[in-house]
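Data block below; observations after.
The values are calculated or read from the model by the stated rules, or taken from the named source; none is laboratory data. Being a predicted model, the structure only gives us computed values, none of them experimental. In this analysis, Cβ positions are derived from the backbone assuming ideal geometry, glycine residues included, and neighbour counts consider all displayed protein chains. In case anyone asks, the SASA skips ligands and DNA or RNA and just uses the protein heavy atoms, side chains included. Shrake-Rupley method; radii C 1.70, N 1.55, O 1.52, S 1.80 Å.
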Amino acid sequence: MAAEAITALQSYSKLRPADPRPRGTLLSLWIESGRYDDALGYFRARHERNPRDAETVKLLGVINSKAGRFDQALTWYRRRTELSPSDAEAHYAVGTLCWERLHDRADVAGTARVEVADAGIAALTRATELRSEYAEAFTYLNLVYRERALGQTTDDARKQDLQSADRHYQRALGIARARRR
């Protein structure tokens, strides 16, 4: 059924290329049916036609992330930040992707874990520089520092990371409290 729906939507898209509605449905169908390479092919072709389209770059990152291709996803997410350097949400997306890579993943350990965490921390820090009251980014800074602590080899380094996590958690709480007022 998914294959038939995809074929019909692709035919419609060829007849009405300016209509954006089929893209979202196609993307959902490809992802839900595990046809990541088909989705990537479609959006890579769109990217080749317009390499500065941040939405297409974003979707290429999302598709790779859903497919479990962290390195490719990270490349696309970073490309989005290059296209939109003042977009706090683009930087936030890099940070959350890094957290997803680390959370409940004992196979990413030691130096590799710290490196992924550092990429996430840098992106989330940039997001908070762009939007000083970005509670969600501070929350993820807390979470990424906790994941980073798991990759540290010394107690002092782990302690420092956990202190940084606590500091960002408190900042997120403060912002959330101020919003409720």
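Observations on the structure shown:
- Cβ-based net charge around residue 4, under 15 Å, with every Lys or Arg adding one and every Asp or Glu removing one: -1
- Computed magnitude of the charge dipole of the chain (debye, nearest 20; Cβ of K, R +1, Cβ of D, E -1): 540
- Most mobile of 21, 171, 158 in a GNM of the chain (Cα contacts under 10 Å): 21
- Based on the reciprocal of the average 1/r between different C-alpha atoms, the Kirkwood radius for region 34-121 equals 13.4 Å.
- Extent along the principal axes, Cα only, for the chain: 61, 41, 28 Å, with the longest axis given first.
- Accessible area per residue for the chain is 57 Å², calculated with a 1.4 Å probe on protein heavy atoms, without ligands, DNA or RNA.
- Only protein atoms count toward the accessible area here, which uses a 1.4 Å probe; on region 66-181, the carbon and sulfur part of that area reaches 47 percent.
- Diffusion constant of region 1-82 at 10 °C, which comes from Stokes-Einstein with the Kirkwood Cα-pair radius and 1.306 mPa s, µm²/s: 123
- On region 1-58, 52 percent of the accessible area sits on carbon and sulfur atoms, based on a 1.4 Å probe.
- Degrees between helix 135-149 axis and first principal axis of the chain (Cα, 0 to 90, nearest 10): 70
- Ellipsoid fit via the Cα gyration tensor, region 75-181: semi-axes of 22, 19, 10 Å, each the root of five times an eigenvalue, largest first.
- In degrees, nearest ten, helix 88-102 long axis to first principal axis of the chain (Cα): 80
- Rounded to 10°, Cα long-axis angle of helix 70-83 versus longest principal axis of the chain: 90
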